[in-house]
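The values are calculated or read from the model by the stated rules, or taken from the named source; none is laboratory data. Predicted model only: the values in this text are computed from it and were never measured. All Cβ positions, even for glycine, are placed from backbone atoms using ideal geometry, and neighbour counts span all protein chains on display. For accessibility, only protein heavy atoms count, side chains too; no ligands or nucleic acids. Shrake-Rupley method; radii C 1.70, N 1.55, O 1.52, S 1.80 Å.
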Amino acid sequence: RYVVLTTKHHEGFTNWGSPVSWNWNSVDTGPHRDLVGELGQALRESNIRYGLYHSLLEWFNPLYIADKESGFKTQNFVLKKTMPELYDLVLKYKPDLIWSDGDWEAPDSYWNSTSFLAWLYNDSPVKDTVVVNDRWCNNCSCHHGGYYNCADKYKPGSLPAHKWEMCSSIDKLSWGYRSNMHIDELMDEASIIEELVKTVSFGGNYLLNVGPTKEGVIPPIFEERLLALGRWLDTNGEAIYESKPWRVQVEDTGTVWYTSKGPVVYAIFLVWPQDNVLQLSSPTPSPATQVSMLGFAGALQWQKAPGKGLLVTLPPLPPSPLSTQPGWALRLQGVQ
């Protein structure tokens, strides 16, 4: 339940009135608005956490180009541009999360990452609440950070030991808006939900990107995808929000994924079985076991499987919104 806004990408334009980005920001030019501040206020009124993406580097900044040509032995860009902006963002907007990027060309000693993070966690106004990712130097990813991104669209094959986030994009070919994109180049609702379920089962957070147009409009096709995901979460969010990985993440079939919340286990299945009977091999049932389906009233019938696990009789699905959704979640109580 958090949103991350790009405050500045690699081209250097800032979506707030950065005092070190004169005439190349959203207050001096373009919309003449503080977009970082406006979105932050709207999100907090909706009780949603606010994250700020910020690029350490700027492709075309003469100061950065000169530092790079010196082999990063000079730090003029960092001292005059990057660090003043990071401190300004924290002091002005008090973000819940800082999503750093643009780190890969230089070491932490060039970026002054350790100095900034020491201030952030010890002396800043958000020192007790802020979270950061792992992109703070050219060898930081998957090693340092409150949570790991590791790489764009990172998909671990097993449960990571450290909290992590999978950042993905509805447009499979771009993180920004493309006026020439085709429908087959976009993730569909089923693919988004499958990615979300797999990520959460492995203990990750899911950050889904859309690129607004230059007018700041989210294109209708992106809006449709986001609203579809929201409708799915309205029904199945109990198995996602505040959940933790269970002792088993996925069945051997690859179509049933698990999460947990206290003693409750959730089995999220992505393919509806033809005979309306779902076999779960991993949970061990007990006489006290109860099974229900999120979005469906009443208990479901189940029996012990011949080998191990249990067989759950699903409700018959007449033509309805429930039958067309890509993925369903069972609530299992009293299982090991």
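When peptides 209-222, 154-167 are ranked by their average number of other Cβ atoms within 10 Å per residue, the highest-first order is 154-167, 209-222.
Relative contact order of the range 2-239, taken over Cα pairs closer than 8 Å and 6 or more residues apart, is 12 percent.
Within the range 195-233, whose backbone N sits under 14 Å from a point 7 Å along Cα→Cβ of LYS155? Answer for the range 195-233: 195-202. For the range 25-171, with the dipole built from +1 on Lys and Arg beta-carbon atoms and -1 on Asp and Glu ones, taken about the Cα centre, which of LEU79, PRO107, CYS142 lies farthest toward the positive end? After comparing all options, I get CYS142. Placing one equal scatterer on every Cα of the range 76-221 and applying the Debye formula, the log10 ratio I(q)/I(0) at q = 0.22 Å⁻¹ is -1.32. Over 28 Å apart at the Cα level, from the set LYS94/LYS155; LYS127/LYS155; LYS127/LYS244, are LYS94/LYS155; LYS127/LYS155.
Per the Cα gyration tensor, the range 136-209 maps to an equivalent ellipsoid with semi-axes of 25, 16, 8 Å, ordered largest to smallest. Close amide H partners of VAL131, meaning residues 5 or more places away or on another chain with modelled amide H under 5 Å apart, are LEU97, ILE98.
Each peptide in 23-33, 78-88, 138-148 was scored by the mean count of other Cβ atoms within 10 Å over its residues; highest first, the order is 78-88, 138-148, 23-33. Hey, with R₀ at 51 Å, roughly what FRET efficiency would TRP59 and ASP234 work out to, going by the Cβ-Cβ distance, to 0.05? With R0 = 51 Å, the Cβ-Cβ based efficiency is 0.80. Rolling a 1.4 angstrom probe over the protein heavy atoms with all chains in place gives the chain an accessible area of 50 Å² per residue.
Here Cα extents along the principal axes in Å was computed from the coordinates, and among (1) 98, 53, 41; (2) 90, 77, 45; (3) 70, 38, 34 the match is (3). When the charge dipole of the range 2-239 is built from unit charges on Cβ atoms (+1 for Lys and Arg, -1 for Asp and Glu) and taken about the Cα centre, the candidate among LEU159, GLY40, LEU57 whose Cα reaches farthest toward its positive end is LEU57. With 0.36 nm allotted per residue and the present C-alpha distance subtracted, the SER174-LEU227 stretch has 17.0 nm of extension available. One way to sum up the overall shape of the range 12-151 is the equivalent ellipsoid from its Cα gyration tensor, whose semi-axes run 24, 20, 12 Å, largest first. Just so you know, the Rg over Rh for the range 187-336 is 1.01, from Cα atoms, with Rh as the Kirkwood radius.
In whole percents, the pair-distance distribution calculated for the range 68-118 from its alpha-carbon pairs, binned every 5 Å from zero, is 4, 17, 31, 27, 12, 7, 2, 0. The range 127-152 and the range 1-75 have Cα centres spaced 18 Å apart.
Placing +1 on each Lys and Arg Cβ and -1 on each Asp and Glu Cβ, with no other charges, gives the chain a dipole about its Cα centre of roughly 840 debye.
Amide hydrogen proximity for THR14: with H placed 1.01 Å from N in the peptide plane, the residues at 5 or more positions away or on another chain lying under 5 Å are ASN25, SER26. Counting only protein heavy atoms and a probe of 1.4 Å, the accessible surface of the chain is 54% carbon and sulfur. Once the C-beta distance of ASP275 and HIS143 is scaled by a Förster radius of 51 Å, the resulting FRET efficiency is 0.60 to the nearest 0.05.
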